[in-house]
Every structure is written in C-alpha cells, then in structure tokens.
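The values are calculated or read from the model by the stated rules, or taken from the named source; none is laboratory data. Computed from a prediction, not measured in an experiment: that's the story for all the values here. Every residue, glycine as well, gets a Cβ built from its backbone with ideal geometry; the counts of neighbours run over all protein chains shown.
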C-alpha cells in the first residue's frame, strides 16, 4: 500500500483534529460513566452516586453536541478535507447517537426505577461491560480512521466480537426473565432495560460497518 494512504487525514487542520479527539474522549468517558452508573444502580438503586453519574453523562452529551456543531462548522465554513467531509460528518453524527443511548438508558433507570432481582444482576453487569467494550473498540477504530487507516480493521473486529457476546448475554437474560414467576408487567419492564443496554453494542456495530466502508473509500 502506498505510503500516502497511511498519512493523517488532518494535515494542516490542527484545530479540527483537536476537536475530533476531544469528541472521542467525551464518548469514551461517557461509556465509563455509564458502566459505573449501572453498577451503582444494581447495588443501591437511585442513590446520589447514581444521580451524579447520570449528570456526568448528561454533561458529556451536552459537551459532545457543542463539539459536533463546531466540527460541522469547520468542515463546511472552512472547506476542510472536502474529499472526506461527508464521511467524517456521518461518522461524528452516528457516534453522537451513542451518547444519546447512554443518556437515554440512564434516564430510563432514573424515571422508572425498575426493581431488578438479584439473580439477574450479574448478567446485567456483563451485558453492560460488553456494551462499553464495544464502544471503546469503536472509539479506537475511529481514531485510527483519522491517523492510521490500516488499523481500522484491527479495532472493528473487536466491536463485532463484543456485539455478538452482548447478544448472547441479552438472549440468555431475557429467557431467564420470561421463564420466571414474575408478573408479566415486570417481565416486560426488565426486558426493556435489557434492550436499553443491548441497543448500545447494536448501534456500535452499525457504525463500525459504516466506518469500514469509509476506510475502504480512503484507500482506493
């Protein structure tokens, strides 16, 4: 492969590079706050610690929105990286949706306050861990897209791995919930919270699929 295909996409766009890096930092930090928040909820329900984590994720989502708008402005107003502008915008917007999923799931916990039986806690935690690891791998793949295009696939395959593992856990958990003696309304609520979490790796996989196409376009 030609050396030029491995050069940073940014070149003379340092301010844009910094903002995209900061945006990816916000996404990564949100995933970690989300993981802690779910663990706290399972242990203690809606305590002050949980609410603090919810506010942390809210702030990350708000900060990321400002960064996304700044990135969009630079890409259009300053006509930066025109050959890849559409792909970069698509990537940032799809990554931004993950922040919305983190925030939405935590707000659902806060508003509905589901009573999750202890026998399901371990699987909820495992599912959350798979979701977070899929996002962490996607963040690394996204960073590689801008600096080392050949490394995108090295991280993307991990996104796929964690998404498949999350599917296994969510299926097992929903089967356990619906084979229990709980009321149907509680089963449905617990199932919904499984899906709140499982939607995260599902979306991460979708973004990774699109990122793979963006990477191919840059290397042909």
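In the stretch 117-151, how many are over 16 Å from the mean Cα position of the chain (by Cα), buried (at least 21 other Cβ atoms within 10 Å of the Cβ) and at pLDDT 95 or above?
1
Starting from residues that are in contact with a helix residue (DSSP H, G or I) (Cβ under 9 Å, 6 or more places away or on another chain) and exposed (fewer than 15 other Cβ atoms within 10 Å of the Cβ), keep the ones in the stretch 63-84 and report whichever is modelled with the lowest pLDDT.
At the first step, the residues of the stretch 63-84 found to be in contact with a helix residue (DSSP H, G or I) (Cβ under 9 Å, 6 or more places away or on another chain) are 63-65, 67-68, 70-72, 74-76, 78-84.
Keeping just the survivors that are exposed (fewer than 15 other Cβ atoms within 10 Å of the Cβ) gives 76, 78-79, 82-83.
Details: 76: 80, 78: 71, 79: 62, 82: 68, 83: 71.
Step by step, filter the stretch 63-84, then rank; the result is 79.
For residue 191, indicate whether it is surrounded by 14 or more Cβ atoms within 10 Å (Cβ to Cβ), out of contact with any strand residue (DSSP E or B) (no Cβ under 8 Å at 6 or more places or on another chain) and in contact (Cβ under 8 Å) with a residue 40 or more places away in the chain. Show your work before the answer.
Numbers: surrounded by 14 or more Cβ atoms within 10 Å (Cβ to Cβ): yes; out of contact with any strand residue (DSSP E or B) (no Cβ under 8 Å at 6 or more places or on another chain): yes; in contact (Cβ under 8 Å) with a residue 40 or more places away in the chain: no.
Judged against the criteria, residue 191 is not a match.
Do the conditions hold for residue 99, that is, is it within 17 Å of the chain's Cα centre (by Cα) and surrounded by fewer than 19 Cβ atoms within 10 Å (Cβ to Cβ)?
On the way: within 17 Å of the chain's Cα centre (by Cα): yes; surrounded by fewer than 19 Cβ atoms within 10 Å (Cβ to Cβ): no.
Here the answer is no, as residue 99 does not meet what is asked.
Being in a helix (DSSP H, G or I) and free of Cβ contacts under 8 Å to residues at least 40 places away in the same chain is the filter here; which residues of the stretch 64-87 pass it?
The answer is 65, 66, 69, 72, 73, 76, 77, 85, 86.
Here are some residues: 130, 160. Which one is assigned to a helix (DSSP H, G or I) and over 30 Å from residue 17 (Cβ atoms)?
Every option except 130 fails the conditions.
Hey, does the stretch 166-185 have a residue that's modelled with pLDDT under 95 and not in a helix (DSSP H, G or I)?
no
Any residue at all in the stretch 159-178 that is farther than 30 Å from residue 115 by Cα, touching a residue at least 40 places away in the same chain (Cβ under 8 Å), under 20 Å from the mean Cα position of the chain (by Cα) and surrounded by 20 or more Cβ atoms within 10 Å (Cβ to Cβ)?
The answer is yes, given that some residue of the stretch 159-178 is farther than 30 Å from residue 115 by Cα, touching a residue at least 40 places away in the same chain (Cβ under 8 Å), under 20 Å from the mean Cα position of the chain (by Cα) and surrounded by 20 or more Cβ atoms within 10 Å (Cβ to Cβ).
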